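Report on the following structure.
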Amino acid sequence: MTKISYLPGHSGSPGADTLPPLAESVDYIGSLGKPTAARVLMDARDAGRVAIQPRCGVGGHEEMKALLRELEDQAQPDILTLTIDSHTRLKRFEQALRSLNRAPADLNGYPLVSHGYLRGRDINESVTAPLEIRHGSPDARILFDVAVASGITSFEGGGISYNLPYSKAVPLAESLAAWHDVDTVCGELAGLGLIIDRELFGTLTAVLVPPSISLAISVLEAVLAARAGVRCISVSYPQSGHLVQDVAALRAIPVLARTYLPPGVDVHAVLHEFMGVFPKKRGNAEDLIFYGALVARLGGASKLITKTYQEAFGIPDTRANVDGLRLADRANSPLLDFVKADEERVADELAWIVDEVADIVEPVLAAPDTMTAIADAFAAGRLDIPFSASRYAKSEIIPKRDAEGAIRYLSTGSLPFGDRTRRHNSDLLKGAGSTGPVIGSLLTGLTDDINYFPTLFREMKREDSE
Amino acid sequence: MTKISYLPGHSGSPGADTLPPLAESVDYIGSLGKPTAARVLMDARDAGRVAIQPRCGVGGHEEMKALLRELEDQAQPDILTLTIDSHTRLKRFEQALRSLNRAPADLNGYPLVSHGYLRGRDINESVTAPLEIRHGSPDARILFDVAVASGITSFEGGGISYNLPYSKAVPLAESLAAWHDVDTVCGELAGLGLIIDRELFGTLTAVLVPPSISLAISVLEAVLAARAGVRCISVSYPQSGHLVQDVAALRAIPVLARTYLPPGVDVHAVLHEFMGVFPKKRGNAEDLIFYGALVARLGGASKLITKTYQEAFGIPDTRANVDGLRLADRANSPLLDFVKADEERVADELAWIVDEVADIVEPVLAAPDTMTAIADAFAAGRLDIPFSASRYAKSEIIPKRDAEGAIRYLSTGSLPFGDRTRRHNSDLLKGAGSTGPVIGSLLTGLTDDINYFPTLFREMKREDSE
Amino acid sequence: MSHSERRLVILGVAASDSHAVANHLIAHALRGLGFEVENLGTCTPVEEFAQACEQHPEAEAVIIGSLNGHVHEDLRDLPAAREAGRITCPVIVGGNLSVGSRKDPRDLERLHDLGVDLILEDPAQLLPALDELRSDRTADRQRLPVAS
Amino acid sequence: MSHSERRLVILGVAASDSHAVANHLIAHALRGLGFEVENLGTCTPVEEFAQACEQHPEAEAVIIGSLNGHVHEDLRDLPAAREAGRITCPVIVGGNLSVGSRKDPRDLERLHDLGVDLILEDPAQLLPALDELRSDRTADRQRLPVAS
Ligand code: B12
Ligand code: B12
């Protein structure tokens, strides 16, 4: 890994040509006088509150600094984000640099590699909260090195979760190997006394992802990360929109961690506020934002990644981002202790989720080489995700919302589910007005499920009601 | 009443010299093409949502118009407010006019009488929501006439609730008579086909008002109003800050209406968001705003009057007012159906409240002349409020928060409570660490209770912990 | 302060203002400290303060609260009452001294211009302020403007 | 459209963009309408579209989705591919066509400048648009720019 870790910078990167040695970066982080992301997460969990974090990234350096400062000034998020642009994610550094030079506002994120680690440090020093890099890179090694050199203590992604939703033609073996390298450096850093928080992107393709798919893939990535030496793992889960299901899924995370991970690893549950099609009307979007935050609280999440009322339209402006953070933070109110989920139903749902995850992951973990087993399982459909961006997942499984809105499996594809699970899912879908996988109605049913919230808020009519 | 109804304008009022006949104003209101406040309240109740209304009033006419337009544009409140300045409330029209001419920004509300009804109509026409006049006038007759001529369909106040908290030396007999005149004109207007919503100011002195005091006084005012012909009565109740108590108090309103009012009167429960000492930190103030709105929903209120995060500092700017409205409206979210109060405790609390109210109001209603009986009862302390601004209430009762924060009676003064009620109150206070009415500790205890929310949010230390 | 000496203050809330709570508490607290408090309560015009001063020439101070933002208009007659020699003791004002949630220090200056001697934020400042005013007075035998 | 005639379109998502959902649904829907859909999926550079055109000279249109705001940079090579005669059929673009939540119509003009023929908002507009483009083509036997 040392070879990769100090890869010479790519052409055009103003500051990345020679990255400092790891130990220097560890010292630098110590000198910053701010907590690591891992520490912030631990403190939040101890205090029983949900740490709040925005999504945010713009192309220009000064613009990025101004954005973070304003977010911090106006909304005091616990952790800040550098969202990386789509070119950099796919190692299209040349395109990133061209946009940066010509029209930085055309970039949908901050091209950290192009800016280089000195600018990364400059950003780090201009805010008091620790930073996380949020991206979507099948191969994030260069980006990771620049991030560490920038003194950034949290890094999102994983060999499955940052491949399948984010690229078309990167074989899983490649992305798993690249992320193994990242995780190995995290292990080295832990040896040097610096714990990097590694968030796994359980959100996947974000749209109608069944909880057991999200959690199963996170379990596999977490096992790999822990083996490589990672000591702090955040398992993110995308809000489905169904209260009991979401609370159960979040609470399943510590249960799964106890089952599948060694004890020395600190695991946090993270909720990603609804990642699918957002309602357009501001009030409706805000209802959903608050609801998500409340779900995070009820599910015992350590952290919440927020959305904004502009979600349906495009990358939000700063003001909207501030408003989203503030609104979400209201769910941390001490006045809301009386708000409870239905504990019995949560326990029941949790048991089913844990069983489904076991069905999915245990055959893979039983194989001698986990990385190979993962790639093979995806090729065979024994692991799968809906709406894959990549050729390397089959997207055979068909999700469907039940009558109450929870996400179930209309078809379990080639997932290695037992009869019990299969029956449970089809029982649950009985009330959902599903006529089975007939092609036309399947599409309208799917579209309705995708547009669940705009429909719930009556911004749209159900297609199948026409 | 016709004499008073068309009182010649006072000196200096630009537009009020000759008010139009009632019938003309009724026609005018019909021509506005907007619903009355009474209709908006009915629709909200039918739709199961809480109508939202700001407090807002500034001195200048154009400034007032701009304020309302911006509130409507940004936050779409269901009903808008003209808050009247303190001079006008006390018929200090000369002082109001002087400030208006010299420094309108020095006024803490809109001096409608000084501006005159033509400007009132101009305001009415510039927004689509109906308007309410919110003030605090022991004798509101002139203001009411100008309001009706302005086409305003909701008018707050009452002979007790707009006297005792709002003036020092107006005998109750006078204010009751003045408000009888207002209510009588409402009856006339109902005869002409226009229902005026008459909101009673159950908030009273706002600080540590026991629910049964607030509701008892509203019952008495409501009985008088209904007798005078009022057909739509909003009973407002000030959030105490204790969930079960507040939900029970709001739900007691329809119960009390069925017991004490004739069936033809439409009665709405209205929550005034916490009216006491507000927390100073924005996030804490916002927590309280949202909590109040949730309480209104759980209590089945037809309407909520909002606060802003600037409450502790002064009259809010427009932006803060918009933010308060938007935040409160989130509690109307369809996603929060799962949030419930503890129904058993609410039912228990409600029964006690209704009993206490009965103890207080029934002796008064049994007397031959209700208005005289009210004035006599206040003189004797059989009716009472804490922290009276007026000499005509004894303020003998001493409120105290119990261990959970609900407002109880530490001393019931001369209220005609039975032993059962008295015992219940002292039982409830047993856990509250109260050492009985020793003067020094009484004051610190009271101060802690007044500063309940700043203390809860740790903006302040408890005085009695020093 | 020793319990033998008699100290009296005149307390009240400005003319257009009915906020009673702080007034109740301040009266209680000063009485607890041994003061005699002539509490005129809420909605008290300058004229009433002047009358109380005439009745109580021994008053150490007139203490006026104002919360509703109208203090300037409400104290409009203070210069006249001063000039006429009807209010000779120091005038202390406290509360929320302008309309709006952003405060401009010029609004406090305007109060000094009206003849207010001392502007306090916290009722806890009253006792030390009264003590200081009294020692100033005994020293100078005349009213001194005191900066806030 | 009669079921006998064969109609083929080339579909894909722009080079830096991995948003797959609309792409899946549009492919389904067009197939449901009887089209043959050569779906290149997400992250498809102009070069890949050009190759597909060469393989399928009968293609009625290239339909490109872009959600992530990068469409201009992602279609940067389109003019060259056009000039080289590698993409001759109409190019239709839809999705979220700039970064940010307030949209500037000039960003659509910039797309036309790159050689995009038609910009659509709603996938439901695809069928009528394809029909119209085809009748234009049969009429003129040449590609016409079509305003959006
Ligand atoms: C309770 C309350 C009421 C009650 C008062 C009941 C009663 N009779 O007492 C009711 C509901 C009736 C009411 C009415 C009005 N109120 Co009011 N009210 C409040 C509220 C919520 C709490 C005040 C209170 O009792 N606090 C507890 C006591 C102990 O503290 P305090 O009064 O804040 O005083 C502290 C200091 O100011 C200081 N202090 C006070 N007096 C003095 C005097 C001296 C000498 C000293 C040294 C210090 C001092 O010490 C106290 C302790 O720290 C405040 C907002 C808040 N603070 O949260 C608004 C507030 C004071 N009210 C306000 C207003 C404007 C009104 C109205 C004019 C209505 C309107 N336009 O909105 C009317 C007044 C009508 C009139 N004629 O005056 C504004 C003042 C605005 C401004 N200055 O810009 C406030 C700030 C609310 C707001 N944000 O708009 N109100
Ligand atoms: C799901 C989702 C994701 C998933 C995608 C999973 C996957 N592989 O498909 C994940 C989480 C991976 C993701 C990632 C990113 N996303 Co995204 N994502 C969304 C989200 C929430 C829903 C998109 C969706 O699936 N909708 C359902 C489908 C059916 O509808 P649609 O895609 O909106 O398309 C409609 C129209 O645009 C149109 N349409 C679409 N394509 C075409 C094509 C043609 C020819 C026609 C005619 C019409 C058309 O028809 C559809 C139906 O009306 C949207 C926000 C939203 N809408 O609520 C953001 C959004 C599209 N994403 C956005 C961004 C920026 C990203 C990222 C770059 C991360 C970032 N910087 O924030 C990465 C992309 C990385 C990359 N390399 O591209 C932005 C785009 C911003 C902008 N343009 O200003 C959005 C708007 C979110 C936001 N507000 O910031 N995303």
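The values are calculated or read from the model by the stated rules, or taken from the named source; none is laboratory data. Nothing here was measured: the structure is a model prediction, and the numbers come from that model. When we count neighbours, we look across all protein chains shown, and the Cβ atoms used for this are built from the backbone with ideal geometry, even at glycine.
The lone criterion from (1) touching a strand residue (DSSP E or B) at 6+ places or on another chain (Cβ under 8 Å); (2) within 17 Å of D:I92 (Cβ to Cβ) left unmet by D:A20 is number (2). Residue count for region B:347-386, restricted to those that are under 28 Å from C:G65 (Cα atoms) and out of contact with any strand residue (DSSP E or B) (no Cβ under 9 Å at 6 or more places or on another chain): 6. Within region A:300-325, restricting attention to residues that are out of contact with any strand residue (DSSP E or B) (no Cβ under 9 Å at 6 or more places or on another chain) and of a type in the set (D, E, K, R), the residue that is nearest to the other protein chains (Cβ to nearest Cβ) is A:D317. Restricting attention to region D:27-52, the residues that are in a helix (DSSP H, G or I) and either surrounded by fewer than 21 Cβ atoms within 10 Å (Cβ to Cβ) or of a type in the set (G, A, S) (or both) total 10. Taken over region B:337-346, the criterion of being free of Cβ contacts under 8 Å to residues at least 60 places away in the same chain and more than 7 Å from every other protein chain (Cβ to nearest Cβ) is satisfied by B:D337, B:K340, B:E343, B:E344. Count of region B:40-65 residues, restricted to those that are free of Cβ contacts under 8 Å to residues at least 40 places away in the same chain and not in a loop (DSSP other than H, G, I, E, B), is 4. Restricting A:L220, A:L243 to those that are away from every other protein chain (no Cβ under 14 Å) and at pLDDT 95 or above reduces the list to A:L220.
Here is a yes/no grid of residues against (1) in contact (Cβ under 8 Å) with a residue 40 or more places away in the chain; (2) over 16 Å from A:A406 (Cα atoms):
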| site | (1), (2) |
| --- | --- |
| A:D183 | yes, yes |
| A:F201 | yes, yes |
| A:L204 | yes, yes |
| A:I217 | yes, yes |
| A:E221 | yes, yes |
| A:A225 | yes, yes |
| A:V235 | no, yes |
| A:S240 | yes, no |
| A:I253 | no, yes |
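Has region B:224-238 got at least one residue that is out of contact with any helix residue (DSSP H, G or I) (no Cβ under 7 Å at 6 or more places or on another chain) and assigned to a helix (DSSP H, G or I)? Checked region B:224-238: at least one residue is out of contact with any helix residue (DSSP H, G or I) (no Cβ under 7 Å at 6 or more places or on another chain) and assigned to a helix (DSSP H, G or I).
Residues in region D:48-75 that are more than 14 Å from the chain's Cα centre (by Cα) and over 14 Å from D:S98 (Cα atoms) were compared, and the one that is nearest to the other protein chains (Cβ to nearest Cβ) is D:Q51.
Scanning region C:1-26 for residues that are within 10 Å of ligand 1 (Cβ to nearest atom) and outside any strand (DSSP E or B) gives C:A15, C:S16, C:D17, C:S18, C:H19, C:A20, C:V21, C:A22, C:N23, C:H24, C:L25, C:I26. Would you confirm whether or not region B:171-181 contains a residue that is closer than 24 Å to C:V13 by Cβ, in contact with a Ser or Thr (Cβ under 6 Å, 6 or more places away or on another chain) and at pLDDT 95 or above? No, region B:171-181 contains no residue that is closer than 24 Å to C:V13 by Cβ, in contact with a Ser or Thr (Cβ under 6 Å, 6 or more places away or on another chain) and at pLDDT 95 or above.
Among the residues here, D:A59 does not qualify as more than 15 Å from ligand 2 (Cβ to nearest atom) and either over 18 Å from D:P123 (Cα atoms) or in a loop (DSSP other than H, G, I, E, B) (or both).
Under the condition of being buried (at least 24 other Cβ atoms within 10 Å of the Cβ), touching a residue at least 60 places away in the same chain (Cβ under 8 Å) and touching an Asp or Glu at 6+ places or on another chain (Cβ under 7 Å), the residues counted in region B:262-292 number 2. Within 10 Å of ligand 1 (Cβ to nearest atom) and outside any loop (DSSP other than H, G, I, E, B) - does that describe any residue in region C:67-82? Yes, region C:67-82 has at least one match.
With respect to the conditions (1) part of a helix (DSSP H, G or I); (2) more than 21 Å from the chain's Cα centre (by Cα); (3) more than 30 Å from C:E121 (Cα to Cα), B:R382 lacks only one, and its number is (1).
The single condition among (1) away from chain D (no Cβ under 14 Å); (2) part of a loop (DSSP other than H, G, I, E, B); (3) touching a Pro at 6+ places or on another chain (Cβ under 9 Å) that A:Y392 does not meet is (1).
For B:P130, are the conditions met, namely being in contact (Cβ under 8 Å) with a residue 40 or more places away in the chain and within 20 Å of B:S175 (Cα to Cα)? Here the answer is no, as B:P130 does not meet what is asked. Name every residue in region A:395-419 that is touching a residue at least 60 places away in the same chain (Cβ under 8 Å), of a type outside the set (D, E) and outside any strand (DSSP E or B), in order of residue number. Passing the criteria: A:I397, A:G405, A:A406, A:F417.
Could you look through region A:279-306, keep only residues that are under 21 Å from A:T81 (Cα atoms) and part of a loop (DSSP other than H, G, I, E, B), and pick out the one that is farthest from ligand 2 (Cβ to nearest atom)? Residue satisfying both the conditions and the ranking: A:S302. For B:Y309, the requirement of being more than 16 Å from ligand 2 (Cβ to nearest atom), farther than 28 Å from B:G193 by Cα, at pLDDT 95 or above and in a strand (DSSP E or B) is not met. Taking the criterion of being part of a loop (DSSP other than H, G, I, E, B) and either within 14 Å of ligand 2 (Cβ to nearest atom) or modelled with pLDDT of 95 or more (or both), the residues of region D:95-114 that qualify are D:N96, D:L97, D:S98, D:V99, D:G100, D:S101, D:R102, D:K103, D:D104, D:L114.
Taking (1) crowded, with 24+ Cβ neighbours inside 10 Å; (2) in contact with a helix residue (DSSP H, G or I) (Cβ under 6 Å, 6 or more places away or on another chain); (3) of a type outside the set (V, I, T) in turn, B:L192 satisfies each apart from (1).
Taking region B:419-451 as the range and being within 13 Å of chain C (Cβ to nearest Cβ) and at pLDDT 90 or above as the test, the residues that pass are B:L446, B:T447, B:D448, B:D449, B:I450, B:N451.
Can you pull out the residues in region B:313-327 that are over 19 Å from A:D329 (Cβ atoms) and not aromatic (F, W, Y)? Passing the criteria: B:G314, B:I315, B:P316, B:D317, B:T318, B:N321. Only helices (runs of 4 or more DSSP H) whose full extent lies in region A:90-160 are considered here, and the ones with at least 2 residues that are away from ligand 1 (no atom under 16 Å from the Cβ), more than 11 Å from every other protein chain (Cβ to nearest Cβ) and β-branched (V, I, T) are A:141-149.
Is it the case that some residue within region A:399-418 is within 14 Å of chain D (Cβ to nearest Cβ) and on the phi < 0 side of the Ramachandran plot? Yes - at least one qualifying residue is present in region A:399-418.
For region D:18-41, residues that are within 21 Å of A:N451 (Cα to Cα) and within 14 Å of ligand 2 (Cβ to nearest atom) total 13. The residue that is farthest from the other protein chains (Cβ to nearest Cβ), among those in region C:29-46 that are within 17 Å of B:L446 (Cβ to Cβ) and out of contact with any strand residue (DSSP E or B) (no Cβ under 9 Å at 6 or more places or on another chain), is C:L33.
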